[in-house]
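Take a look at the structure below.
The values are calculated or read from the model by the stated rules, or taken from the named source; none is laboratory data. Just so it is clear, the structure is predicted and the values come from calculations on it, not from any experiment. Positions of Cβ are generated from backbone atoms using ideal geometry, with glycine treated the same way; all protein chains shown enter the neighbour counts. Heads up: the accessible areas ignore ligands, DNA and RNA and are worked out on the full protein's heavy atoms, side chains in. Shrake-Rupley method; radii C 1.70, N 1.55, O 1.52, S 1.80 Å.
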Amino acid sequence: MDTFIPAINTETVEYDPFAGPAIERCFPTTESQREVIASSQMGDDASCAYNESITLELSGELDQAAMKDALHHVVMRHDSLRSTFTGNGTRMVVAAEDPTLFDLLDLSAFNAEEREHMLSAIDEADMTMIFDLQKGPLFRSQLIRVASDQHLLRLSAHHVICDGWSLGTLMYEISALYYAAKHHLSADLPKAYSFESYSLAAADHTKSPEYSAVEGYWLDLFRSPLPRPDLPTDRPRPKEKTYNANRLDLPLASDIVRGVKETATRNGATFVTTLLAIFEVLLFKLTGEKDQVVGLPAAGQSAVGERNLVGHCVNLLALRSHIDGDLPFNVYLKRRRSEVLDAFDNQQYTFGTLVRKLRVPREPDRIPLCPVVFNVDMNMDDDVAFEGLTHRFRSNPRAFENFELFLNMTGDEDRLTLEWSYNTDLFGEATIRGWMDQLVRICKNVIADPSSTLTELASERPTTIGKRGYPPVEWQGKASPYPKTDIATLFDEVAETYPGNIALELLDARLTYRQLQQRAHAASNGLIALGVKPGDPVGLCMDRGLDLIVATLAVLRAGGCYVPIDPAYPADRLGFMLTDTGMKVLLTQAELVDALPPHSAKTVLIEDLPQGPDDMPTTRPDSPAYIMYTSGSTGTPKGVVVPHRAIIRLVRDQDYMSFGPDLVFLHLSNISFDLSTLEIWGALLNG
């Protein structure tokens, strides 16, 4: 067989700074980008360690012209994808036109063995291709025809212009743009948030008092003598840091996934934090070190509330943990829950800045402070849907890795895969498989008895604990197929099922589900008439009562997200929330109007809402349902965006209480306190 040469242009040409598309604009890079650029300049292997690549396997009749159009439009939507960098890495240069090429490769005429050989060559070429940060392009797309009804869509980029969150956004937008192109429509997508705006806001943040508080948090976390993480290696460490890597993709059994989720729920922790704590127990076993640091990437898109932002917005959080072997795991987990939340609350601080401030001694053979990284990429393709096609998502393994060990957990509600990327100059495949086995045993022990001490878990004692053995099936966590819809649609379904049931009761006043539905529909139409559009924040400054619940439902049905505002808050906090969200409409009550601070939102009493057409915009499960502000104990209060699916999951996919039409809830909590979420929707979404 002849050697296959993939369709990737590797020709070396003399660089002409005036060649290529016209420049649209340029702006400063972020500190995090400058750190990536500096690392990429350590050599070709170092640069390739930042290659990001994913593949969508598409089955069905594909419209190539529509796909080409979708890829072009997604590049034009996002300035990062059209960007290159100045030689010193301080400025980002955005091209006015799409600098990328639509690369179509047809392998359908070859037999299966030949195709497999060619696809392996494409994988290798893609992940060893060096991105030129000055010339670009830094984003590539390739459509590979495997058969008449089988295609592979590969998206590849340098990490300096794209992160994991961005890849999920791109997959969703390409599917929406593909549909629009097929039907000659304009895609129903919100305006893309410019990376320039993100970069300038990040620069302003470094000059703010809040940034000083964030820096103080990290310096205080590492004020004691610095740990020196040191995994046991199979081979002597090279004198200089190397990047050669391999990746093992190992599935985690579904019963273990369910058990870990149940353990997380019972201890008030997230699935991610619970997996992280289990991983830290494994590191404790491997190293014997009680003072550990694990890197955890944090998406800046969530911090700034811009879900459709594409670019390098990730900061690596150096999570420090202190292992007390006598501590029960469930106690350790609750402590880690609080510590991880604190870290995310202070995520706008770069890893490179922390290393410089701490003056971490540099060693040529290893990455400082944080050689091990843990990450979770769940449900990356949840909202992806190509008309007429089925798809399967997979991430492509890198040929080079910056860290000694990078453990990424990926998948969906039904399956979880552990992607172990490791430095092959340090570790062998058998060692990594052994670590996976040990991690699985620790998971089983945690599920069997979360009160086991960390030392007991690390010692790999048998999963049979006393005479109890494995938890009885009847109380193991089970993931139910909760509705993948929005709250307003689900409420309408419940109202049609239980129209005569009492939905709300206050003193002598009562509303049935049918009456509540009718009032919410009318108020929703009024909000739409006022100009409320999908995704718009709408303030709710109201006392607890029937009108508050009507208003909450109305906002969600109009496609907006409600912002609960406690009338008893100090004027400064009220003013900040009203301004920070950029809300255009504030629903309130007559007796509260005079106490409100000055603001630019249109103040409307719920009884004064105008009449409007009966309409209900399309709302996705990942659309924002509400924005709730933190206490501000670490600085300025921060708005946390909660999507519809999170609320529905809370009250429709859990076994911790028997939800149903006979259950009665007391709305005791202030609506600005997140416990009110359970009280309101636990009732209204279950009849």
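Here the Karplus relation 6.51 cos²θ - 1.76 cosθ + 1.60, evaluated at θ = phi - 60°, turns the backbone of the stretch 491-498 into coupling constants of 4, 4, 4, 5, 5, 6, 7, 10 Hz, with x for every Gly and Pro.
Dipole of the stretch 170-256 computed with +1 at Lys/Arg Cβ and -1 at Asp/Glu Cβ about the Cα centre; of P251, H183, M171, farthest Cα towards the positive end is P251.
From most to least packed by mean Cβ count within 10 Å, the peptides 421-429, 37-45 give 421-429, 37-45.
Using just the helices of the chain, give the 222 nm mean residue ellipticity in deg cm²/dmol: DSSP H runs with n ≥ 4 each add -39,500 (n - 2.57), and the total is spread over all residues, rounded to 500. Rounded to the nearest 500, it is -11000 deg cm²/dmol. In this Cβ point-charge picture (+1 for Lys and Arg, -1 for Asp and Glu), the stretch 370-429 has a dipole of about 180 debye about its Cα centre.
When only Cα pairs under 8 Å and 6 or more residues apart are kept, what is the percent relative contact order across the stretch 548-687? List each step's numbers first, then the result.
On the way: 161 pairs, mean separation 29.7, N = 140.
So the answer I get is 21 percent.
The label point for V640 and the one for T455, both projected 7 Å from the Cα toward the Cβ, are 3.5 nm apart.
Applying the Karplus relation 6.51 cos²θ - 1.76 cosθ + 1.60 with θ = phi - 60° to the stretch 94-108 yields 3J(HN,Hα) values of 9, 6, 6, 10, 5, x, 8, 10, 7, 9, 10, 10, 9, 10, 5 Hz, where x marks Gly and Pro.
The string of couplings for the stretch 339-347 from the Karplus curve (6.51, -1.76, 1.60, θ = phi - 60°) is 5, 5, 4, 4, 4, 5, 5, 10, 6 Hz, one whole number per residue in order, with x for Gly and Pro. Any idea of the accessible area per residue across the stretch 381-427, 1.4 Å probe, to the nearest Å²? Roughly 36 Å² per residue, with all protein chains present.
Considering only beta bridges that DSSP places wholly inside the chain, some 70 percent are antiparallel. Among the protein heavy atoms, those of K602 account for about 110 Å² of accessible surface (1.4 Å probe, every chain in place).
Can you tell me the relative contact order of the stretch 231-371? Whole percent, Cα pairs under 8 Å, sequence separation 6 or more. It rounds to 29 percent for the stretch 231-371.
Of all lysines in the structure, the ones whose alpha carbon falls short of 24 Å from that of K182, not counting any fewer than 8 places away in one chain, are K68, K191.
How long is the gain from Q518 to L341 if the chain were fully straight, where each residue apart is worth 0.36 nm and the alpha carbon distance is subtracted? Using 0.36 nm per residue and subtracting the Cα-Cα distance, I get 59.7 nm.
Under 5 Å from the amide H of E24 lie the amide H atoms of V94, A95, A96, each residue being 5 or more positions distant or on a separate chain, with H modelled from the backbone and absent for Pro and chain starts. If you take all other residues with their beta carbon under 13 Å from the beta carbon of D365, and give Lys and Arg +1 and Asp and Glu -1, the sum is +2.
Using a cutoff of 8 angstrom between alpha carbon atoms and counting only pairs six or more residues apart, the relative contact order for the chain works out to 13 percent.
Probing with 1.4 Å while keeping every protein chain in the model, the per residue accessible area of the stretch 301-360 equals 40 Å². Normalised by residue number, the volume inside the convex hull of the Cα atoms of the stretch 46-202 is 118 Å³ per residue.
Shape class for the stretch 258-398, computed from the alpha carbon gyration tensor (a ≥ b ≥ c): oblate, with a/c not under 1.5 and a/b at or below b/c.
For Cα Rg over 2.2 N^0.38 Å, computed directly from the structure shown, the correct entry in (i) 1.01; (ii) 1.41; (iii) 1.23 is (i). Counting only the backbone N, which residues of the stretch 112-153 are under 17 Å from the spot 7 Å out from the Cα of A22 toward its beta-carbon? None, by backbone N distance to the label point.
Within 10 Å of each candidate Cβ there may be at most 14 other Cβ atoms; applying that plus a DSSP loop requirement, which trypsin sites (Lys or Arg not before Pro) in the stretch 303-366 survive? Counting only loop positions with at most 14 other Cβ atoms within 10 Å, the trypsin sites (Lys or Arg not before Pro) in the stretch 303-366 are R359, R362. Taking a ≥ b ≥ c as the square roots of the eigenvalues of the Cα gyration tensor of the stretch 495-570, is the shape rounded (a/c under 1.5), prolate (a/b larger than b/c) or oblate? It is oblate, given that a/c is not under 1.5 and a/b is not larger than b/c.
Cβ under 12 Å from E419's Cβ, E419 left aside: what net charge do those residues give with Lys, Arg +1 and Asp, Glu -1? Value of the local net charge: 0.
Given 0.36 nm per residue, what is the gain on full extension from F110 to D220 after removing their alpha carbon distance, in nm?
Full extension from F110 to D220 adds 33.5 nm.
This model, with +1 at the C-beta of Lys and Arg and -1 at the C-beta of Asp and Glu, gives the chain a dipole about its Cα centre of some 1500 debye.
When you count the other C-beta atoms within 10 angstrom of each residue and take the mean per peptide, 431-444, 575-588, 378-391 line up highest first as 575-588, 431-444, 378-391. Database remark: amide H of I130 closer than 5 angstrom to no amide H (H placed geometrically; neighbours at sequence offset of 5 or more, or on other chains; Pro and chain starts carry no H).
The portion of the accessible surface of the chain made up by carbon and sulfur, rounded to a whole percent, is 52 (1.4 Å probe; DNA, RNA and ligands excluded). Can you classify the stretch 315-456 as rounded, prolate or oblate using the Cα gyration tensor, where a ≥ b ≥ c are the square roots of its eigenvalues, rounded means a/c under 1.5, and otherwise it's prolate if a/b beats b/c and oblate if not? Since a/c stays below 1.5, the shape of the stretch 315-456 is classed as rounded.
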